[in-house]
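Below is one structure, written out as structure tokens, with a few remarks after it.
The values are calculated or read from the model by the stated rules, or taken from the named source; none is laboratory data. Computed from a predicted structure; not experimentally measured. Please note: Cβ atoms are built from the backbone with ideal geometry, for glycine as well, and neighbour counts cover all protein chains shown.
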């Protein structure tokens, strides 16, 4: 038997052999490559898991926002049919939120009350939905419970938005939670999200029981383009009309030819003397501007929204779009996008929509989109409403505080139009618009108004 010392000497002598050394180098290289491959695969797996958890969480946020909006609508409506529709939507959205909530790597202890709340919202809204279908009116207790549910849903939405910000900033990693457990999550959230998740749980501890397009924009596409007037124009005429949209001199214009879409159009890319660019779409029929968007950075905000509105209306008048009334707006990166609807005989025509982008540094018009207007604009044969304003108000929830009332034409999901009384007001801190059919007295639609630092939005 060789001694240990002899074995070491023998191994050292073998290493001197080049062949043996080459084998060791190859083996070492293989081990390194294998290690790097395994590490790469583990990294890819962790990233895929992180993406899946993020997607599930964002779905939860979206569905909870929908729950809050539909609960708000159920508080405002006084129509059993509209109430049934809102409550069925609450039931559906709450169930979807629970499904995605279950996909997150957090034990039920952490989300027990949240899941319980969504489950109770789902079950309770479904029971009231069935009640509405049987033409039974909701009791005062029912409305009180709905109000309480809505208040909790607002709290849940606020906390989830805070958590969403933490995830976007990379301060919360789902992969670490699934590996280390919920204790880490509780500590993480407590330290990073200012106790937001703990606040969420406390919110429900005692419970036992949202480029924005504006309202009606989803109904702007029609088979017959009644707003398209005039004779067909050729490409050269369309090119000249594209140049006329701007006050700055055009250095170069590139044509992309004619495209067949919702509206047949000529499409161009313009380069200006300051090297900024813009894309423009001009309709073949009539040579109307369908779309214009100029790529220019806005570094300061000098004008107010009211001043921007004045600039936009002046531009619309120059382009031949008259009698336009501002409805909703959204401000982002020094640019305000304002939605306009046509007004005929003091009646707002919501199908005739135009969006205008205004730079808040100098009032320059950076964009316009007229699809709704070109699809729908025509002179309507307006009849006197069969249901008076006073009679229409009788159908509203008696607790609503009405601040304004006027006539409006709104589109329906069946591509038709309905004359309605538009009532704007508030209830329990919620701003809303209710539309009551001026022919039948039936409640047609409810919009929840959200006033944000960046604009006025509707749901």
Selection status of residue 258, over 25 Å from the mean Cα position of the chain (by Cα), surrounded by fewer than 17 Cβ atoms within 10 Å (Cβ to Cβ) and not in a loop (DSSP other than H, G, I, E, B):
yes
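Does residue 242 fit the bill of being over 18 Å from residue 362 (Cα atoms) and surrounded by 12 or more Cβ atoms within 10 Å (Cβ to Cβ)?
Values: over 18 Å from residue 362 (Cα atoms): yes; surrounded by 12 or more Cβ atoms within 10 Å (Cβ to Cβ): yes.
Yes; evaluated as a whole, the condition is true for this residue.
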Search result, residues across segment 281-320 that are out of contact with any strand residue (DSSP E or B) (no Cβ under 6 Å at 6 or more places or on another chain), farther than 15 Å from residue 359 by Cα and assigned to a loop (DSSP other than H, G, I, E, B):
286, 287, 288, 319, 320
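Here's a check for you: in segment 398-407, which residue that is in a loop (DSSP other than H, G, I, E, B) and touching a strand residue (DSSP E or B) at 6+ places or on another chain (Cβ under 7 Å) is surrounded by the most Cβ atoms within 10 Å (Cβ to Cβ)?
Step one: filter segment 398-407 for residues in a loop (DSSP other than H, G, I, E, B), giving 398-400.
With touching a strand residue (DSSP E or B) at 6+ places or on another chain (Cβ under 7 Å) added as a condition, the list becomes 399-400.
Values: 399: 11, 400: 20.
So, considering only residues that are in a loop (DSSP other than H, G, I, E, B) and touching a strand residue (DSSP E or B) at 6+ places or on another chain (Cβ under 7 Å), the one surrounded by the most Cβ atoms within 10 Å (Cβ to Cβ) is 400.
Would a scan of segment 375-389 turn up a residue that is under 24 Å from residue 314 (Cβ atoms) and within 25 Å of the chain's Cα centre (by Cα)? Outline the logic, then answer.
Of all residues in segment 375-389, those under 24 Å from residue 314 (Cβ atoms) come to 376-377, 379.
Next cut, within 25 Å of the chain's Cα centre (by Cα) only: 376.
Within segment 375-389, one or more residues are under 24 Å from residue 314 (Cβ atoms) and within 25 Å of the chain's Cα centre (by Cα).
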Test for residue 433: is it surrounded by fewer than 18 Cβ atoms within 10 Å (Cβ to Cβ) and under 21 Å from the mean Cα position of the chain (by Cα):
no
Hey, any hits in segment 119-134 for a residue that's in a helix (DSSP H, G or I), in the same structural domain as residue 60 (by TED's automatic domain parsing), over 29 Å from residue 396 (Cα atoms) and modelled with pLDDT of 70 or more?
yes
Looking at this structure, is residue 66 under 25 Å from residue 447 (Cβ atoms), modelled with pLDDT under 80, surrounded by 18 or more Cβ atoms within 10 Å (Cβ to Cβ) and out of contact with any strand residue (DSSP E or B) (no Cβ under 9 Å at 6 or more places or on another chain)?
no
Do we have residue 393 as under 30 Å from residue 76 (Cα atoms) and part of a strand (DSSP E or B) here?
no
Going through (1) closer than 21 Å to residue 357 by Cβ; (2) out of contact with any strand residue (DSSP E or B) (no Cβ under 6 Å at 6 or more places or on another chain) one by one, residue 270 fails only at (2)
Output for segment 408-425, where each listed residue is surrounded by fewer than 18 Cβ atoms within 10 Å (Cβ to Cβ) and at pLDDT below 90:
412, 413, 414, 415, 416
